[in-house]
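What follows is one structure encoded as structure tokens, with my remarks underneath.
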Amino acid sequence: MTRLSSNHLLGLKELTSEDINLIFETADNFKSILNRQIKKVPSLRDITIANVFFENSTRTKISFELAEKRLSADVVNFSSSSSSVSKGETLIDTVNNILSMKVDMVVMRHPAPGAALFLSKHVDAQIINAGDGTHEHPTQALLDAYSIREELGNIQGKKVVIVGDILHSRVALSNIYCLQKMGAEVAVCGPPTLIPKHIDALGVRVMHNLNEALAWCDVANMLRIQMERQQTKYFPSLREYSMQYGLTMDHLNTLDKEVTIMHPGPINRGVEVSSEVADSDQSIILNQVENGVAIRMAVLYLLAAQKES
């Protein structure tokens, strides 16, 4: 397979395992380029990409921008806080105004679930979802799965537990879809108040004890508590959450195996993971950041090829 099955990247639910493997193989090639002295390739020299972020983002935005520039694309950055959105302009009008400047691709982050899908039906450009509310964050899940493949050799048959605020996490949902399509077993772990009610319908195991989850898994993906998305209190205090679900070296030292530790960032050190764990040999958090650029280069490159064909 040499092309994706979709003209957009809206979520992992729509991608096939063949799509994911193609993205990974393409990312392998780009990763070798990123390790060269000259890190730029002219692959997207005639493509203009708009990064349209309606929510604050540091890592994802920088990662996409770097990926675009490594591919020699022309880049336009848009921030809603300094735009006509604050004056009441609609999403479609905003994006159409950007597209009238002859933009080929839109990378969008938006607080409303389904915003990327909505946009893909109403504007004539390829849409990459950089996170839509509590729904999906496809490139994060792809780079997470890619990092597991790199660290453990493959994903098939591996046991991955996602720990923390599953209820408000778009990373968790995309990871579940992605990992299951690649043959992994997936569990979620956290306080009952932060686990969605019917998540077991997705075929994931539900756990509430961190020690049991660590004893079961090969990989632990630690999520931060999404305070900005919580309207009510889901647990008594951060200190109490940390005592129950914060990962420390004491947890890892009691195991008779090595568990690979991941985190999509930003890390709240001392809450979901201790500094010692985040900086340990078992942590691949910085590998995830590096792989994020290669994965996003692969996605941009493959989608641009779709348009040409």
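Only one of the numbered conditions (1) under 25 Å from Leu22 (Cα atoms); (2) free of Cβ contacts under 8 Å to residues at least 60 places away in the same chain is not met by Val123, and that is (1). Here Ser120 meets the list (1) over 17 Å from Lys307 (Cβ atoms); (2) under 20 Å from the mean Cα position of the chain (by Cα) almost entirely, failing just condition (1). Among the residues of the stretch 202-221, not one is touching a Cys at 6+ places or on another chain (Cβ under 8 Å), loosely packed, with under 14 Cβ neighbours inside 10 Å and small (Gly, Ala, Ser). Can you spot a residue in the stretch 168-184 that is touching a residue at least 24 places away in the same chain (Cβ under 8 Å), in a strand (DSSP E or B), assigned by TED's automatic domain parsing to the domain that holds Gly246 and small (Gly, Ala, Ser)? No: zero hits. Looking only at residues of the stretch 269-290 that are touching a residue at least 40 places away in the same chain (Cβ under 8 Å) and in contact with a strand residue (DSSP E or B) (Cβ under 7 Å, 6 or more places away or on another chain), we find that the one that is surrounded by the fewest Cβ atoms within 10 Å (Cβ to Cβ) is Ile284.
Checked against (1) surrounded by fewer than 22 Cβ atoms within 10 Å (Cβ to Cβ); (2) in contact with an Asp or Glu (Cβ under 9 Å, 6 or more places away or on another chain), Val163 passes all but condition (1). Being at pLDDT below 90 and either more than 20 Å from Asn221 (Cβ to Cβ) or buried (at least 24 other Cβ atoms within 10 Å of the Cβ) (or both) is a description that applies to Ser100. For the stretch 12-44, the set of residues classified as β-branched (Val, Ile, Thr) and either buried (at least 20 other Cβ atoms within 10 Å of the Cβ) or in a helix (DSSP H, G or I) (or both) consists of Ile20, Ile23, Thr26, Ile33, listed by residue number. One residue alone among Ser147, Ser63, Ser72 is small (Gly, Ala, Ser), at pLDDT 95 or above and in the same structural domain as Lys181 (by TED's automatic domain parsing), and that residue is Ser147. In the stretch 296-309, the residues that are closer than 17 Å to Thr60 by Cα and assigned by TED's automatic domain parsing to the domain that holds Asp144 form no Cβ pair under 9 Å with any partner that is at pLDDT below 95 and of a type in the set (Phe, Trp, Tyr), whether six or more places apart or across chains. Residue by residue through the stretch 219-271, note down the ones that are assigned to a loop (DSSP other than H, G, I, E, B), at pLDDT 95 or above and more than 22 Å from Ala130 (Cβ to Cβ). Of everything in the stretch 219-271, those that are assigned to a loop (DSSP other than H, G, I, E, B), at pLDDT 95 or above and more than 22 Å from Ala130 (Cβ to Cβ) turn out to be Gly246, Thr248, Thr254, Leu255, Asp256, Lys257, Glu258, Val259. Residues in the stretch 188-201 that are buried (at least 20 other Cβ atoms within 10 Å of the Cβ) and either without any contact (Cβ under 8 Å) to a residue 12 or more places away in the chain or closer than 22 Å to Thr254 by Cα (or both): Val188, Cys189, Gly190.
The values are calculated or read from the model by the stated rules, or taken from the named source; none is laboratory data. Every value quoted in this text rests on a predicted model; they were computed, and no experiment measured them. When we count neighbours, we look across all protein chains shown, and the Cβ atoms used for this are built from the backbone with ideal geometry, even at glycine.
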